[in-house]
Structure formats: C-alpha cells, structure tokens
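Asker: Dropping the structure in here first, questions after.
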Amino acid sequence: MGIINLSPDSFSADGLEPNSALEQALAFVEQGADIIDIGAESTRPGASPISPAVEQSRLVPIINRLVGKLNVPISVDCYKYDVAHACLEAGAHIINDIWGLQYDTKLAELATEYNAPIILTSNQRGQDCVGDIMHIVKTDLSRAIAICRQAKVPTENIIVDPGIGFGKTLEQNFQILRRLDELAELGYPILLGTSRKEFIGNILGLPTAQRLAGTATTNSIGIAKGADIIRVHDVQFMAQVAKMSDILVRVPNDER
C-alpha cells in the first residue's frame with residue numbers, strides 16, 4: 001500500500017500538491033504498489049484536525065483524476081462519515097479508519113452500502129494504555145469487528161491494523177511487532193503501518209527521511225509474523241522487501 005499524502009502538516013514532510021500526487025500514484029503502481037492510500041489530514045501526534053469540507057476539497061478532486069487511470073484499488077485514509085461517503089462516491093474503493101470506528105460507527109454501514117473493504121485501526125490516543133498491549137489491541141479490534149458484523153460488513157471486507165504509534169509507548173510498539181502473529185486469532189487480514197515512524201527514529205537516532213532501513217526491518221519481521229499488507233512511503237524499495245520476505249517465509253519450497 002503506497003501512501004499519497006495531501007496534508008501540508010504531514011509528519012514525514014511528504015505532503016503533495018494535486019499534480020504531484022497524481023504523478024506519485026502512477027509511479028507507485030509501476031513500482032509495485034497493490035493499493036494506493038490517499039489521506040488529507042495529518043495523523044501525527046498533536047496535529048490539528050481539519051474540517052470535513054477542507055478534507056473533501058483535498059481528496060475528491062484527486063480521486064476523480066485517479067479513477068480510470070489506476071488498475072489498483074484506491075483507499076481513503078479518513079474517519080469522518082461525510083468525507084468517506086464523498087470519496088466512495090468519487091470512486092474510492094476502501095475505507096481506512098485510523099480510529100477503528102471509535103469516531104463514527106456509521107462508517108461500518110457505509111462500508112456495507114458500497115461493499116467497500118474497511119481497515120480498522122486500534123488507536124489508543126487519549127487513553128490510559130496500561131497493561132498487556134496485545135490484549136488491549138485485540139479487545140479494541142474485536143469491538144470494532146463486532147460493529148462491522150452488526151452492520152453486515154462481509155467477512156472478507158474486514159482488515160485489522162494494530163495501530164503502531166497510535167497512543168502506544170516505544171516498548172508497546174516493539175511488543176506488537178514481536179507478537180503480531182497473535183492477531184491471527186481474530187481471523188482477518190492484517191495491515192502493518194510502521195513506515196518512517198517515530199519509534200524507529202527513537203531507536204536509530206535518525207530523522208524521518210533517513211528511516212528506510214529501520215522501516216524495512218520492521219516490515220520484513222512483520223511479514224514473517226503474519227502481516228498481509230504493509231503501508232509504506234518508499235514503494236519501490238519496500239516492494240522488494242515484501243517479495244523477498246514472502247519468498248522466505250510464505251512461499252512453499254516447491255513453488256519458489
């Protein structure tokens with residue numbers, strides 16, 4: 001999953017203007033992206049929220065331009081009903097909800113209406129995240145999954161994300177990576193988003209733009225532990241990481 005960021009407030013300083021976003025999306029597909037994920041509101045800690053109108057004004061024109069030009073699904077990184085609805089109407093295929101239906105449960109109904117896959121992220125921002133982090137994450141995701149099932153979202157349209165960096169401590173982020181395979185108990189595909197994140201910088205002492213090797217390490221281990229989708233900024237490099245990791249840990253010997 002290649003990240004297209006339309007926010008000028010991005011933590012990775014990769015916010016793009018419309019023409020550049022279009023070019024980037026097309027390049028990402030050529031480089032091996034299977035999904036393009038477009039977001040317009042910064043999700044970095046402490047970022048100021050933007051109005052649904054502003055978010056739509058950034059997202060919808062780009063989606064309109066990409067539909068018909070891409071041969072891969074378009075995911076929209078948003079958690080507001082009106083924004084998600086407008087993007088699906090414009091031709092987006094997937095809802096990527098970083099709040100895991102904490103902000104608006106009606107996104108599950110929207111996913112059912114449009115037969116759109118929905119990514120549920122376990123987000124602990126603003127909470128006391130104390131205790132066994134995998135128990136906390138699984139409990140939170142089970143809550144969101146139950147909302148989806150009640151809204152009749154098809155099983156095959158639910159994807160779970162443990163929410164690396166979303167309200168977790170440094171050690172909790174590492175615990176999630178070490179124990180990612182425990183999420184398989186939920187029975188849904190797993191998305192992992194570690195790309196360029198702060199916990200990598202904390203360990204390596206590197207600024208955002210220099211976290212490629214750290215990101216590659218976390219993605220490779222994540223794939224070995226069961227991640228089905230990796231959400232990344234550096235598509236060409238990470239597509240190679242994913243391919244090698246899959247061959248090493250998932251592809252049977254007689255199929256290599």
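The values are calculated or read from the model by the stated rules, or taken from the named source; none is laboratory data. Keep in mind that this is a model prediction, so the values were computed, not measured. Counting neighbours? That spans all protein chains shown, and the Cβs are built from the backbone with ideal geometry, glycine included. The protein model used for the area step is the full one, side chains on, heavy atoms only, and it has no ligands, DNA or RNA in it. Shrake-Rupley method; radii C 1.70, N 1.55, O 1.52, S 1.80 Å.
Asker: Through the Karplus equation 6.51 cos²θ - 1.76 cosθ + 1.60, θ set to phi - 60°, convert the phi angles of the stretch 181-197 into ³J(HN,Hα) values in whole Hz; use x for Gly and Pro.
Answerer: 4, 5, 5, 4, 4, 6, x, 10, x, 10, 9, 10, x, 10, 3, 6, 6
Asker: While we're here: So between Asn253 and Gln150, what do we pick up on full extension, going 0.36 nm a residue minus the alpha carbon distance?
Answerer: Numbers: separation 103, 0.36 × 103 = 37.08 nm, distance 4.10 nm.
Value of the extension gain: 33.0 nm.
Asker: Let me ask something else. Using only protein heavy atoms and a 1.4 Å probe, report how much of Phe237 is accessible, in Å² to the nearest 10.
Answerer: Counting only protein heavy atoms, the figure is 90 Å².
Asker: Please turn the phi angles of the stretch 103-110 into ³J(HN,Hα) values with the Karplus equation 6.51 cos²θ - 1.76 cosθ + 1.60 (θ = phi - 60°), one per residue in order, whole Hz, x for glycine and proline.
Answerer: Whole-Hz 3J(HN,Hα) from phi for the stretch 103-110: 7, 8, 5, 5, 4, 5, 5, 5.
Asker: If you don't mind, another one. Send over the semi-axes of the stretch 67-123's equivalent ellipsoid, whole angstrom and largest first, taken as the square roots of 5 times the C-alpha gyration tensor eigenvalues. Please report the intermediate quantities before stating the final value.
Answerer: Working: eigenvalues 72, 26, 17 Å².
Over the Cα atoms of the stretch 67-123, the semi-axes work out to 19, 11, 9 Å.
Asker: Also, I was wondering about something else. Give the average over all directions of the projected area of the C-alpha convex hull of the chain, one decimal, in nm².
Answerer: Working: hull surface 52.2 nm².
Mean orientational projected area (the chain, Cα hull): 13.0 nm².
Asker: Determine the distance separating the Cα centre of the stretch 156-193 from the Cα centre of the stretch 220-245; give it in Å without decimals.
Answerer: Spelled out, the Cα-based centre of one part sits 14 Å from the other.
Asker: Tell me the carbon and sulfur percent of the accessible area for the stretch 63-206, rounded to whole percent, probe radius 1.4 Å. Intermediate values should be presented prior to the final figure.
Answerer: On the way: 2980 of 5950 Å².
Here carbon and sulfur together make up 50 percent of the probe-accessible area.
Asker: With θ set to phi - 60°, apply the Karplus curve 6.51 cos²θ - 1.76 cosθ + 1.60 along the stretch 27-36 and write out the HN-Hα couplings as whole Hz, x wherever there is a Gly or Pro.
Answerer: Using θ = phi - 60°, the values come out as 5, 4, 5, 4, 7, x, 5, 9, 9, 10 Hz.
Asker: So, one more: Please report how many Lys pairs in the chain have alpha carbons closer than 28 angstrom, counting only residues at least 8 apart along the chain or sitting on separate chains.
Answerer: 20
Asker: At what distance in nm do the modelled label points of Val67 and Asp82 sit from each other, each positioned 7 Å from its Cα along Cα→Cβ?
Answerer: Distance between label points: 2.0 nm.
Asker: I've got another one for you. How high is the relative contact order of the stretch 46-129? Use alpha-carbon pairs under 8 Å, at least six apart in sequence, and give a whole percent. List each step's numbers first, then the result.
Answerer: Details: 109 pairs, mean separation 21.2, N = 84.
Over the stretch 46-129, the number comes to 25 percent.
Asker: Residues in the stretch 148-172 near a label at Thr105, defined as backbone nitrogen under 14 Å from the 7 Å Cα→Cβ point?
Answerer: 148-153
Asker: With r defined as the distance between the Cβ atoms of Lys243 and Glu171 and R0 fixed at 22 Å, what FRET efficiency is calculated, to the nearest 0.05?
Answerer: Numbers: r = 31 Å, r/R0 = 1.39.
Efficiency for this residue pair is about 0.10.
Asker: Taking a quarter of the surface of the Cα convex hull of the stretch 133-256, what do you get in nm²? Each step should come with its number before you reach the end.
Answerer: Details: hull surface 33.4 nm².
For the Cα atoms of the stretch 133-256, the hull's average projected area reads 8.4 nm².
Asker: Over the stretch 1-125, what lengths in whole Å, largest first, do the semi-axes of the equivalent ellipsoid take, defined as the square roots of 5 times the eigenvalues of the alpha-carbon gyration tensor?
Answerer: Result for the stretch 1-125: semi-axes of 20, 18, 13 Å.
Asker: Round to the nearest 10 and report in Å² the accessible area of Arg65, as given by a 1.4 Å probe over the protein chains' heavy atoms.
Answerer: Probe radius 1.4 Å; accessible area of Arg65 about 90 Å².
Asker: Among Lys197, Lys225, what's the order by accessible area (1.4 angstrom probe), most exposed first? Write out the running numbers ahead of the final one.
Answerer: On the way: Lys197 40, Lys225 70 Å².
From most accessible down to least: Lys225, Lys197.
Asker: Okay, moving on. Roughly how many nanometres apart are two label points built 7 Å out from the Cα toward the Cβ at Ala184 and Ala47?
Answerer: The modelled label-to-label distance comes out at 3.2 nm.
Asker: Given the -39500 (n - 2.57) contribution per DSSP H run of 4+ residues, what per-residue ellipticity at 222 nm results for the chain, rounded to the nearest 500 deg cm²/dmol? List each step's numbers first, then the result.
Answerer: On the way: 9 runs with 110 residues, N = 256.
Roughly -13500 deg cm²/dmol at 222 nm, from the helical runs in the chain.
Asker: So if R0 is 22 Å, what FRET efficiency would Ala27 and Ala213 give, r being the distance between their Cβ atoms, rounded to the nearest 0.05? Please list the in-between numbers first.
Answerer: Details: r = 22 Å, r/R0 = 0.99.
After rounding, the FRET efficiency stands at 0.50.
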